[in-house]
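Visitor: Okay, here's the structure, questions in a sec.
The values are calculated or read from the model by the stated rules, or taken from the named source; none is laboratory data. Predicted model, so just to flag it, every value in this text is computed and none were measured. Here Cβ is always computed from backbone atoms with ideal geometry, including for glycine, and neighbour counts include all displayed protein chains.
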Ligand SMILES: Cc1ncc(COP(=O)(O)O)c(C=O)c1O
């Protein structure tokens, strides 16, 4: 009989590479795995489905909300209202601290960024005419794999064989104010950015660059789209990672995109647009059949409630500081192998020195029953759940140090 791994490798397209590990179940910070030899192992999950399982696996409150809602109503057209969708939209608006904000729901991160970029274009079209259509993005950014999102993704290797991309996209370098000045003009309708580039290597936008984007957005009348798909919903110890910046005038970026952790494991994406910008998404301009799915929205409401009830933003911030302090000590001791440790809250990247490869660290950590990820060939990525305990941090970092020593 063919195993799950055999069938996966035989019947699925090879875009994720050859799959060598099955995840059978998950609970809290742990998953049960089975490898190609049929060997079962319980692993600590510090990848979290790429920053999705922020409350750990199968959080009981999220599971309860899903069961309750799925017994009642699982799908209707967006021609109709449902309570979970309306409640979630109201909650997201409340979180932005702008009562005029409007929400669009879709199914994932790329869908959220597609919708945000389209919103910026239609907003500019309505307000200033068709010439103002350039979207600026950042090198090493990542915004998803559909055509507009991949065109906004500053990583050539991902775009190469899918050319031509969406026209009207220009790139600037992260934290390079000069390159921003060279590119931005009156034709720009939006700039899209991550405040911490996740896939691009856990690169943090500095305060000066963030401020300059804001200043230029006012001068040239363009929108700021902050991609919080990976960094949002508590990952950095704040609801939205852009809240790390000081002296924010207004209420931060005009458009926020969300997905990943919002659904607690169910697919959902969201665009929140402040002021009256969302009104530009005129009747018939955009849609998603499953957007605002009642079960996904019920799960998301449960996620936000758990974060609030257990004060998980502060908890994640504290755990992140604890983890980063230990890692900073490691980096000091193992200077020959660790080049830099960077991150915010529980979104952490460890840049390895040449010739050490992040992939080798991932493999060695799996041998020690810990799942982690990479962000490019040289950066090891830790995305533990927001509920991670100090004990779990100590134990995992002990294993990490053993791995580093043996490299
Ligand atoms: C910052 C960011 N934006 C967008 C995406 C795309 O999200 P999805 O895979 O849900 O389409 C990702 C996925 O890793 C991401 O990290």
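Visitor: Taking strands (runs of 3 or more DSSP E) that fall entirely within segment 86-174, which contain at least 1 residues that are within 15 Å of the ligand (Cβ to nearest atom)?
Guide: Details: elements: 102-106, 134-138, 169-172.
Strands (runs of 3 or more DSSP E) meeting the threshold: 102-106, 134-138.
Visitor: Just one of (1) touching a residue at least 24 places away in the same chain (Cβ under 8 Å); (2) touching a strand residue (DSSP E or B) at 6+ places or on another chain (Cβ under 7 Å); (3) in a helix (DSSP H, G or I) trips up residue 212, so point out which.
Guide: That leaves (2) as the condition not met.
Visitor: Ok, one more. Taking only pairs six or more apart or across chains, which ones have beta-carbon atoms under 7 Å, a first residue in segment 66-89 that is farther than 19 Å from residue 103 by Cβ, and a second residue that is part of a loop (DSSP other than H, G, I, E, B)?
Guide: Sorted first by the residue in segment 66-89, then by its partner, the pairs are 73/82.
Visitor: Restricting the search to segment 175-198, which residues are in contact with a helix residue (DSSP H, G or I) (Cβ under 9 Å, 6 or more places away or on another chain) and either at pLDDT below 95 or in a helix (DSSP H, G or I) (or both)?
Guide: If we filter segment 175-198 for residues that are in contact with a helix residue (DSSP H, G or I) (Cβ under 9 Å, 6 or more places away or on another chain), which is where we start, we get 175-177, 180-181, 184-196, 198.
Correct list: 177, 180, 181.
Visitor: If you don't mind, there's one more thing I want to ask. Restricting to segment 189-201, name every residue that is surrounded by 24 or more Cβ atoms within 10 Å (Cβ to Cβ) and more than 11 Å from the ligand (Cβ to nearest atom).
Guide: 189, 190, 191
Visitor: Tally the residues that are more than 14 Å from residue 404 (Cβ to Cβ) and exposed (fewer than 15 other Cβ atoms within 10 Å of the Cβ), restricting the search to segment 351-368. Let's see the steps before the verdict.
Guide: Step one: of segment 351-368, the residues more than 14 Å from residue 404 (Cβ to Cβ) are 354-355, 359, 366.
Now drop any that are not exposed (fewer than 15 other Cβ atoms within 10 Å of the Cβ), which leaves 354-355, 359.
Residues in segment 351-368 being more than 14 Å from residue 404 (Cβ to Cβ) and exposed (fewer than 15 other Cβ atoms within 10 Å of the Cβ): 3 in total.
Visitor: A further question follows. Restricting the first residue to segment 142-160 and requiring it to be closer than 17 Å to residue 15 by Cα, which pairs with a second residue that is more than 13 Å from the ligand (Cβ to nearest atom) meet a Cβ separation below 6 Å and a spacing of at least six or different chains?
Guide: Listed by first residue and then by second, the contacts come to 147/166; 150/159; 159/165.
Visitor: Please work out if residue 265 is farther than 23 Å from residue 148 by Cβ, away from the ligand (no atom under 15 Å from the Cβ), in contact with a strand residue (DSSP E or B) (Cβ under 8 Å, 6 or more places away or on another chain) and modelled with pLDDT of 95 or more.
Guide: no
Visitor: Can you spot a residue in segment 222-245 that is in contact with a strand residue (DSSP E or B) (Cβ under 9 Å, 6 or more places away or on another chain) and over 24 Å from residue 193 (Cβ atoms)? Working first, answer last.
Guide: From segment 222-245, those in contact with a strand residue (DSSP E or B) (Cβ under 9 Å, 6 or more places away or on another chain) are 222-233, 235-238, 240-245; that's our starting set.
Filter again for over 24 Å from residue 193 (Cβ atoms), leaving none.
No, segment 222-245 contains no residue that is in contact with a strand residue (DSSP E or B) (Cβ under 9 Å, 6 or more places away or on another chain) and over 24 Å from residue 193 (Cβ atoms).
Visitor: Let me ask something additional. Can you pull out the residues in segment 220-248 that are away from the ligand (no atom under 13 Å from the Cβ), farther than 19 Å from residue 315 by Cβ and in a loop (DSSP other than H, G, I, E, B)?
Guide: If we filter segment 220-248 for residues that are away from the ligand (no atom under 13 Å from the Cβ), which is where we start, we get 220-224, 234, 237-239, 243-248.
Checking the rest, the ones that are also farther than 19 Å from residue 315 by Cβ come to 220-224, 245-248.
Within segment 220-248, 221, 222, 245, 246, 247, 248 meet the criteria.
Condition check ((1) touching a strand residue (DSSP E or B) at 6+ places or on another chain (Cβ under 6 Å); (2) modelled with pLDDT of 95 or more; (3) surrounded by 15 or more Cβ atoms within 10 Å (Cβ to Cβ)) across all residues:
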{"position": "10", "(1), (2), (3)": "no, yes, no"}
{"position": "17", "(1), (2), (3)": "no, no, no"}
{"position": "21", "(1), (2), (3)": "yes, yes, no"}
{"position": "31", "(1), (2), (3)": "yes, yes, yes"}
{"position": "56", "(1), (2), (3)": "yes, yes, yes"}
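Visitor: Hey, another quick one. What number of residues within segment 268-289 are within 13 Å of the ligand (Cβ to nearest atom) and either farther than 30 Å from residue 210 by Cα or surrounded by fewer than 24 Cβ atoms within 10 Å (Cβ to Cβ) (or both)? Please lay out each step first, then the result.
Guide: Narrowing segment 268-289 to residues within 13 Å of the ligand (Cβ to nearest atom): 268-271, 288.
From what is left, the residues that are either farther than 30 Å from residue 210 by Cα or surrounded by fewer than 24 Cβ atoms within 10 Å (Cβ to Cβ) (or both) are 288.
Qualifying residue count for the region: 1.
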